[in-house]
Every structure is written in C-alpha cells, then in structure tokens.
1. Relative to the longest principal Cα axis of the chain, at what angle does helix 30-44 sit, 0 to 90 degrees, rounded to 10?
2. Test of understanding: what is the full-extension gain from Ala153 to Ser29, defined as 0.36 nm times their sequence separation minus their Cα-Cα distance?
3. If amide hydrogens are placed 1.01 Å from N in the peptide plane, which non-local residues have theirs closer than 5 Å to the one on Lys144?
4. Can you show me the helix-derived [θ] at 222 nm for the chain, built from DSSP H runs with n ≥ 4 at -39,500 (n - 2.57) apiece and divided by the number of residues, rounded to the nearest 500.
5. May I ask for the percentage of alpha-carbon pairs in the stretch 9-162 that lie more than 24 Å from each other?
6. Rounded to a whole number, what is D in µm²/s for the stretch 48-104 from Stokes-Einstein with the Kirkwood radius over alpha-carbon pairs (25 °C, 0.890 mPa s)?
7. Pop out the ³J(HN,Hα) list for the stretch 146-163 in order, Karplus 6.51 cos²θ - 1.76 cosθ + 1.60 with θ = phi - 60°, rounded to Hz; leave Gly and Pro as x.
8. Along the stretch 95-106, what does the Karplus equation 6.51 cos²θ - 1.76 cosθ + 1.60 (θ = phi - 60°) give for ³J(HN,Hα), rounded to whole Hz, x for Gly and Pro?
Amino acid sequence: RTLLSTLDEKDLRAVRVAKEARAFVQGTSPDSIKRRKRIARLYKQGRLKLEGSVLIGRHCQIEEGTIIENSSVDNFTVIGKHVRIVNSAIMDRTIIGDYAVIEDSVIGRYVEIRSSKSRPVRIVRSVIADDVVIEEGTELINSKIYPHKHINAESKIYDTVLT
C-alpha cells in the first residue's frame with residue numbers, strides 16, 4: 001500500500017478524472033483546467049488508461065494510447081503516445097517520447113527521453129537524475145544515472161551506476 005493510495009482529493013489538492021478512478025489531476029489555472037479536461041476526456045473515451053492510484057501534476061500533456069499505473073507525474077511533464085508508466089515517479093518538466101516503457105523507476109527533473117515507435121526506450125528498476133537526455137532505442141535496467149548525462153542511442157545499460 002502506498003501513500004498515494006490512501007490520500008483523497010482534498011489531501012492531494014486535485015480533482016478526480018472520473019468517479020470510479022483513483023486518478024487525480026492537480027492545478028487550478030485556466031490552462032491546468034483545460035489540460036485536466038482533456039485527460040479526463042481521453043480516459044472516459046478509453047484512449048488513455050489510468051490504473052490503480054495515479055497523480056498527475058499541473059500543466060501536464062499526455063497523449064492517447066498511454067497507460068499510467070500506480071504512478072505520479074509531476075508538473076509541466078509531456079508524455080507522448082503509447083507510453084507505459086508503471087509503479088514510477090516522473091518529476092517535473094520531463095519529456096517522454098512515444099512508446100517509452102518506464103517501470104519501477106524514478107525519473108528526475110528536466111529529463112528528455114527520446115523514444116519513438118521504431119526505437120522505443122525501456123527503463124526498468126532504475127533512477128535517472130536531473131537533466132539527463134536518453135536517446136532512442138536505449139535500455140536501462142536496474143541502473144542509476146547521475147545528473148547532466150547524455151545517453152547515446154541504442155545504449156544497453158544493465159546493473160550500472162553511471163557517474
């Protein structure tokens with residue numbers, strides 16, 4: 001059981017996406033409300049899956065086909081199409097390209113994940129620090145990447161601490 005699974009809208013300062021969902025979106029500005037309504041619409045149309053407990057911050061953009069499960073996505077994050085985020089924390093101002101898979105991981109602030117349909121990025125049981133760029137086709141498994149690193153395309157990084 002996680003902290004996110006025990007808090008309600010008032011504690012989170014957020015609005016539920018739908019009555020039956022434990023998915024919440026934060027933000028009260030006109031732009032945040034507009035983005036929240038778009039996320040709720042995609043969810044209700046079945047074009048975005050939010051499973052378990054999900055918290056989405058202010059001013060986030062999430063494209064269709066994406067699945068977010070038991071995770072938090074911080075403010076000003078952009079998530080492409082058909083991304084899968086499970087049991088993870090995505091910090092603010094992160095950009096995640098199409099078809100990325102992120103599981104059991106923490107992604108820092110200002111991270112850019114340049115994933116694509118033909119060359120998806122896969123991050124599992126890893127911690128990515130702030131201001132990291134991860135190029136297409138990369139796999140990071142059970143690894144830690146320190147701040148300000150640039151990970152080349154098609155890199156395969158397993159059980160590594162990259163300082």
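1. Once rounded, one gets 90 degrees.
2. Details: separation 124, 0.36 × 124 = 44.64 nm, distance 3.76 nm.
The span from Ala153 to Ser29 would gain 40.9 nm if fully extended.
3. For Lys144, the qualifying residues are Val127, Thr160, Val161, Leu162.
4. On the way: 2 runs with 19 residues, N = 163.
One gets -3500 deg cm²/dmol as the mean residue ellipticity at 222 nm.
5. Counting every Cα pair in the stretch 9-162, those more than 24 Å apart make up 28 percent.
6. 231
7. 6, x, 6, 9, 10, 9, 5, 4, 6, 5, 10, 10, 10, 6, 10, 10, 9, 9
8. Working through the residues one at a time gives 10, 10, x, 4, 6, 5, 10, 10, 10, 6, 9, 10 Hz.
Values quoted throughout were computed directly from the atomic coordinates according to the rules given, and no laboratory measurement underlies them. This one's a predicted model, so the numbers in the text were calculated from it and none came from an experiment.
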